[in-house]
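Comments concern the structure below.
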Amino acid sequence: MDAQTIKVACSSCNLRELCLPMGLNPDEMEKLDKVISKRHRIKRGTALFSVGDKFTSLFAVRSGFFKTCVTTPDGRDQVTGFQMTGEIIGLDGIVSDHHSCNAVALEDAEVCVMPFDQVEELSREFTTLQHHVHKIMSREIVRDHGVMLLLGSMRADERLAAFLLNLVQRLHARGFSQSELVLRMTREEIGSYLGMKLETVSRTFSKFMEDGIIDVKQRYVQIKDTDGLRRIVNPQSCG
């Protein structure tokens with residue numbers, strides 16, 4: 001792994017509310033600090049872990065952006081998700097003790113290492129942490145269901161609108177703008193995730209611009225009409 005290891009303390013991290021449970025007492029926080037004590041720096045384009053790697057840890061994204069992907073039998077990369085600051089990567093490895101996907105940094109990134117056996121041991125000791133781990137797993141299941149809905153029943157414009165709304169909502173929870181975002185992924189990666197051809201992604205972006213819903217300059221996207229995006233996904237949602 002092309003990574004530099006740094007010491008870190010959860011108790012002094014400004015992201016703790018995003019990736020850690022609320023309500024831990026000082027003693028519990030100190031124990032958690034001892035477990036989650038390392039941070040890795042990952043260069044853009046480098047894998048945090050790859051298919052078949054032994055599963056030992058979960059990773060909390062401290063900065064940067066990742067994609068998870070699998071290789072199809074014909075050698076293509078299929079994007080299965082995008083992860084950002086404050087989100088947890090690596091849950092795929094729990095079931096078989098080996099990772100079933102690749103996690104690749106889309107920009108220079110930092111992750112906090114959460115050794116799973118120690119996190120599991122601590123979660124048995126204080127239920128707040130156990131409940132939080134269960135919530136993280138549940139969130140992944142719900143997200144997977146959302147992707148299945150996207151791929152199974154939505155038109156191309158609905159898929160892209162839902163994707164942009166989800167992305168800006170997640171970024172807003174981290175203190176970013178509700179109407180502006182920088183796409184860390186390529187159009188091709190968006191297409192892979194949404195089950196759309198590159199040409200369809202580009203054409204749909206152009207249509208949204210023509211309709212005055214968004215403005216796009218390379219990877220910078222300004223959402224000019226959020227309700228317009230919502231109406232595309234759910235015509236009844238905005239009256």
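Taking the fewest neighbouring Cβ atoms within 10 Å as the starting point, the ordered list for THR127, THR186 is THR127, THR186.
Ranked by how many other Cβ atoms sit within 10 Å of their own Cβ, fewest first, the residues ARG230, ARG159 fall in the order ARG230, ARG159. Using R0 = 45 Å, the C-beta based FRET efficiency linking VAL70 and LYS207 works out to 0.90. Measuring max minus min along each principal axis, the C-alpha atoms of segment 50-106 give extents of 34, 24, 12 Å (largest first).
Mean-square fluctuations from a GNM of the chain, with a 10 angstrom spring cutoff on Cα atoms, peak among ILE141, ILE88, ILE213 at ILE141.
Let me check I've understood the local charge: for VAL113, count other residues with C-beta under 10 angstrom from its C-beta, Lys and Arg +1, Asp and Glu -1. What total comes out? Net of charged neighbours comes to +2.
Computed over the alpha-carbon atoms, the chain gives an Rg to Rh ratio of 0.99, Rh here being the Kirkwood radius from the mean inverse distance. Remark on GLY81: its backbone amide H falls under 5 Å from those of THR68, a criterion applied only to residues 5 or more positions apart or on other chains, H modelled at 1.01 Å from N. Loop-located trypsin sites (Lys or Arg not before Pro) in segment 63-139 (DSSP state not H, G, I, E or B) with no more than 10 neighbouring Cβ atoms inside 10 Å: ARG76. Taking the longest Cα principal axis of the chain as reference, the axis of helix 116-125 is set at about 70 degrees. For the chain, the relative contact order comes to 18 percent (Cα pairs under 8 Å, sequence separation of at least 6). Amide hydrogen proximity for ILE214: with H placed 1.01 Å from N in the peptide plane, the residues at 5 or more positions away or on another chain lying under 5 Å are MET209, LYS224. Couplings 3J(HN,Hα) for segment 194-210, derived from phi with the Karplus relation 6.51 cos²θ - 1.76 cosθ + 1.60 (θ = phi - 60°), are 8, x, 10, 6, 3, 4, 5, 4, 4, 5, 5, 4, 4, 5, 4, 5, 4 Hz, where x marks Gly and Pro. Could you grab the relative contact order for segment 154-233? Cα pairs under 8 Å, six or more apart, rounded to a whole percent. About 37 percent, as a whole number.
Report the far tail of the P(r) of segment 154-233, meaning the percent of Cα-Cα pairs longer than 17 Å.
Counting every Cα pair in segment 154-233, those more than 17 Å apart make up 39 percent.
In the chain, the longest principal axis of the Cα atoms and the axis of helix 156-172 are about 40 degrees apart.
Between ARG219 and ALA173, the distance separating the two model label sites (each 7 Å from Cα on the Cα→Cβ line) works out to 2.3 nm. Taking amide hydrogens as placed 1.01 Å from N in the peptide plane, the amide H of LEU48 sits under 5 Å from those of ALA103, VAL104, ALA105, each at least 5 positions away in sequence or on another chain.
Put in order of Cβ neighbour count within 10 Å, fewest first, the listed residues THR46, THR68 become THR46, THR68. Coupling constants for segment 29-38 follow from the phi torsions by the Karplus curve (6.51 cos²θ - 1.76 cosθ + 1.60, θ = phi - 60°), and in residue order they are 5, 5, 5, 5, 4, 5, 7, 9, 10, 10 Hz; glycine and proline get x. In this simple spin-label approximation, ARG231 and ARG139 carry label points 7 Å from Cα along the Cα→Cβ vector, and these lie 3.2 nm apart. For VAL182 and ASN25, a Förster radius of 35 Å and the Cβ-Cβ distance give a FRET efficiency of 0.35, rounded to the nearest 0.05.
FYI, it's all coordinate maths here, none of it is from the lab. This structure is a prediction, so every number in the text was calculated from the model and none was measured. Reconstructed Cβ throughout: ideal geometry from the backbone, glycine too, with neighbour counts over all protein chains shown.
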